[in-house]
Amino acid sequence: MRPAIPAEAFDHGDPRRYRRGCRCTPCTKATTAENRRRHYLRETGRGTRTSPHRAANHITRLRNAGMSDREIQAAANIVPDLFYRIMRGASDIHRNTEARILAVQPTPQAENRCGAQTPALGTIRRLRALAADGWPAAELGRRLGKHKQFIVFLQNTDTNTEPRTRLWVAAYVRNLCTELAGLTPEDNGVPAHFAHATRKRAAAKDWVPTSYWDEDDYDNPHFVPATQEPARHIVVGENALELINQQGYSRRDAAARLGISLTALEVNIRRYRDELEEAA
């Protein structure tokens, strides 16, 4: 549960400070004015909530101007969960929230960033492949300087809609994928149970790990990675035997590292060896 925001987080004259216990004159006057406006809007049939579309369109313009999601969230004083709900159009928002977002203007630092866009297919595939390797969204977000909801949003984007993303986002993800491909999350700061849960969720969505991809394949819309059982047992068999023969893992520990049962490990090794013998 997110800790409560203290009154001191808001300036005097902000109704949110009044609602947290401050009864100074500026806060009292601001709250009275807010209540009067809420009553006026309700009496005129408008209410205090509105569609998120105007706010989402403005956020898109700020993104294209080079602002990061974190910069927009800080400038508008909104939390990441609300930010991404707005972008999904999940529910109506308070008019005050919309006003804060519409008031945000691109920062001088953002002017130096490129707002040009590129197809997002490769970016989405790379993030899904890293998840299939066991890298949680929170860890990917930390390494990219993004909130985990941004990673989840991209990973779950429908690739059939021909989505687009900004060039610098695509470049960051490409570099991160190159950096992490072939590394084991558990050996690089990710708790084993988090890595295992991430692999399990990715497998349920038919996302395949980085070992299934060549670099040029991520961005190729005509390439579909082979995810049938033969490809799966080759990957598992190779990784299992490397852990057992070269790194000294027991079969039980190797199965735990790969996020599969001991029985599944034995089956995949046997099938992998049978295929090698047939090829020979």
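The table that follows gives values for the structure above.
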{"read-out": "Integer Hz, Karplus 6.51/-1.76/1.60 couplings in order for region 136-148, x for Gly and Pro", "value": "x, 4, 4, 6, 4, x, 4, 6, 8, x, 10, 6, 4"}
{"read-out": "Over the chain: helical MRE at 222 nm, DSSP H runs n ≥ 4 each giving -39500 (n - 2.57), nearest 500", "value": "-17000 deg cm²/dmol"}
{"read-out": "Qualifying lysines (Cα of each under 30 Å from Cα of K148; at least 8 residues distant if same chain)", "value": "K200, K205"}
{"read-out": "Portion, in percent, of the accessible area of the chain that falls on carbon or sulfur, probe 1.4 Å", "value": "49 percent"}
{"read-out": "Accessible area per residue, Å², region 138-273 with all protein chains present, probe 1.4 Å", "value": "57 Å²"}
{"read-out": "Sequence of Y212, Y249, Y84 when ordered by accessible area, the most exposed leading, probe 1.4 angstrom", "value": "Y249, Y212, Y84"}
{"read-out": "Full-extension gain in nm, A171 to K148, via 0.36 nm per residue minus C-alpha separation", "value": "6.5 nm"}
{"read-out": "Computed accessible area, R23, all protein chains, 1.4 angstrom probe, square angstrom", "value": "140 Å²"}
{"read-out": "Heavy-atom accessible area order for M87, M67, largest first, 1.4 Å probe", "value": "M87, M67"}
{"read-out": "Extension gain, V224 back to E242 (0.36 nm per residue minus Cα-Cα distance, nm)", "value": "3.8 nm"}
{"read-out": "Long-range HN-HN contacts of R164 with modeled amide H, under 5 Å", "value": "A120"}
{"read-out": "All aspartates and glutamates inside 17 Å of K29 as judged from Cα atoms, apart from same-chain residues fewer than 8 positions distant", "value": "D11, D14"}
{"read-out": "Normalised alpha carbon radius of gyration of the chain [divisor 2.2 N^0.38 Å]", "value": "1.31"}
{"read-out": "Region 155-169 - phi-based ³J(HN,Hα) in whole Hz, Karplus 6.51/-1.76/1.60, Gly and Pro as x", "value": "4, 9, 5, 6, 6, 6, 8, 6, x, 10, 9, 6, 4, 6, 5"}
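The values are calculated or read from the model by the stated rules, or taken from the named source; none is laboratory data. None of these values were measured; they are calculated from a predicted model. All accessible areas refer to the heavy atoms of the entire protein, side chains included, with ligands and DNA or RNA removed. Shrake-Rupley method; radii C 1.70, N 1.55, O 1.52, S 1.80 Å.
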